[in-house]
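Below is one structure; the comments refer to it alone.
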Amino acid sequence: MKRTLEGIEEQFEMLQILNENGEVVNEEALPDLSDEELKELMHRMVYTRILDQRSIALNRQGRLGFYAPTAGQEASQLGTHFALEKEDFILPGYRDVPQLIWHGLPLYQAFLFSRGHFHGNQFPEGVNALSPQIIIGAQYTQAAGVALGMKRRGKKSVAITYTGDGGTSQGDFYEGMNFAGAYDAPAIFIVQNNQFAISVPREKQTKAKTLAQKAVAVGIPGVVVDGMDVLAVYAATKEARERAINGEGPTLIETLTYRYGPHTMAGDDPTRYRTEDMNSEWEKQDPLVRFRKYLEAKGLWSEEEENKVIDQAKEEIKAAIKDADNYPKMKVSDLINNMYEVLPSNLEEQLEVYKEKESK
């Protein structure tokens, strides 16, 4: 039994294309991306890092509500998204707002979502996504259903969903993958293993050597990817998407990554469970630094070009938060009206009370 387990675990080697110095170490796996596509991918990563910095500042100013920092996970988030098509459907976790923005969600609506405003959950036509899921792992079962619906309708698209390492401890994680696998549904399940489920280290959550190997239990392929290497993440997701739309079923991808900030801005203190040595080691693997070195060596990126992206991001964020500030404030009557299609009698009574208060 032990030899069988060890034999399975040995098969889950980490896929890496760029090392931390930005050097190609796996020519065979290098994805076929044009120079413009490579630059666009870097553009998105730089923009998202600035968005994260500004969002943290806005949260501390009291201008945003719930916010989960993303710095360190740009390769994992944007590398997976870059492999998608517009018609693909995203089922995000609460840290996955960047994917929604690059999928078409207006930035001001992302800010409204953070504030708890209902309009932040009313996505424009053509933005194929659900709102970020707060319940840990619930998006996995939803993704299985969306993917099966796509298959039944004959669509050449996929449903992709995200959770963290902590999400793999939830029953929904297994149930969603098992259902999708049983029906060969076109789903991609991403586990962003950022080493901690809030404050609980990965090794205390499971005895499994990798999280990707959990795919074996439900009979679907699983792969471990260097989540700080955007090209490796892209390549793995691209292959998973091609398998899915060709009727070969779902894939589980574990991206080994790290969040540089706290779990959320709601009082988490990472210094209580992470060491300075750990932070320093992961900072050496920064996905932006690694990809920047690669592009600079190819003559595709410069400090001037990066500064343009930074200036653009700051201007657009400034305009978006202003739009969010000027958007009509949510009222209690809005909350009641959005709870049910047909209000029960007790809420109808409350609705009238609040309408009267709000009219004064």
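Working only within the range 116-141, note down all residues that are buried (at least 18 other Cβ atoms within 10 Å of the Cβ) and in a helix (DSSP H, G or I).
120, 138, 139, 140, 141
Just one of the numbered conditions (1) in contact with a helix residue (DSSP H, G or I) (Cβ under 6 Å, 6 or more places away or on another chain); (2) free of Cβ contacts under 8 Å to residues at least 60 places away in the same chain; (3) in a helix (DSSP H, G or I) is not true of residue 220; which one?
Checking residue 220 against (1) in contact with a helix residue (DSSP H, G or I) (Cβ under 6 Å, 6 or more places away or on another chain); (2) free of Cβ contacts under 8 Å to residues at least 60 places away in the same chain; (3) in a helix (DSSP H, G or I), the one that fails is (3).
Considering each residue of the range 177-232, count those that are among the small types (Gly, Ala, Ser), crowded, with 17+ Cβ neighbours inside 10 Å and either more than 19 Å from the chain's Cα centre (by Cα) or within 23 Å of residue 157 (Cβ to Cβ) (or both), and give that number.
7
Considering only residues of the range 144-172 that are in contact with a helix residue (DSSP H, G or I) (Cβ under 6 Å, 6 or more places away or on another chain) and part of a helix (DSSP H, G or I), which is surrounded by the fewest Cβ atoms within 10 Å (Cβ to Cβ)?
172
Only residues that are among the charged types (D, E, K, R) and without any contact (Cβ under 8 Å) to a residue 12 or more places away in the chain: list them for the range 240-251, please.
242
If you take the residues of the range 301-331 that are aliphatic (A, V, I, L, M) and closer than 27 Å to residue 355 by Cβ, which of them is surrounded by the fewest Cβ atoms within 10 Å (Cβ to Cβ)?
330
Before we move on, is residue 340 of a type in the set (Ser, Thr, Tyr), part of a helix (DSSP H, G or I) and not assigned by TED's automatic domain parsing to the domain that holds residue 139?
No, not satisfied.
Can you go through 109, 142, 192 and tell me which one is modelled with pLDDT of 95 or more, within 24 Å of residue 64 (Cα to Cα) and assigned by TED's automatic domain parsing to the domain that holds residue 224?
Exactly one of 109, 142, 192 is modelled with pLDDT of 95 or more, within 24 Å of residue 64 (Cα to Cα) and assigned by TED's automatic domain parsing to the domain that holds residue 224, namely 109.
Pick from 235, 266: which is more than 15 Å from the chain's Cα centre (by Cα) and at pLDDT below 95?
Answer to the check: 266.
Scan 10, 6, 36 and give me the residue that is modelled with pLDDT of 95 or more and assigned by TED's automatic domain parsing to the domain that holds residue 231.
36
More than 28 Å from residue 224 (Cβ to Cβ) and either among the aromatic types (Phe, Trp, Tyr) or outside any helix (DSSP H, G or I) (or both) - does that describe any residue in the range 312-323?
No, the range 312-323 has no match at all.
Test each condition in (1) in contact with a Leu (Cβ under 7 Å, 6 or more places away or on another chain); (2) under 24 Å from residue 113 (Cα atoms) for residue 31 and report the one that comes out false.
Only one criterion is unmet by residue 31, namely (2).
The values are calculated or read from the model by the stated rules, or taken from the named source; none is laboratory data. Predicted model only: the values in this text are computed from it and were never measured. No Cβ is skipped: glycine too gets one built from the backbone with ideal geometry, and neighbour counts run over all protein chains shown.
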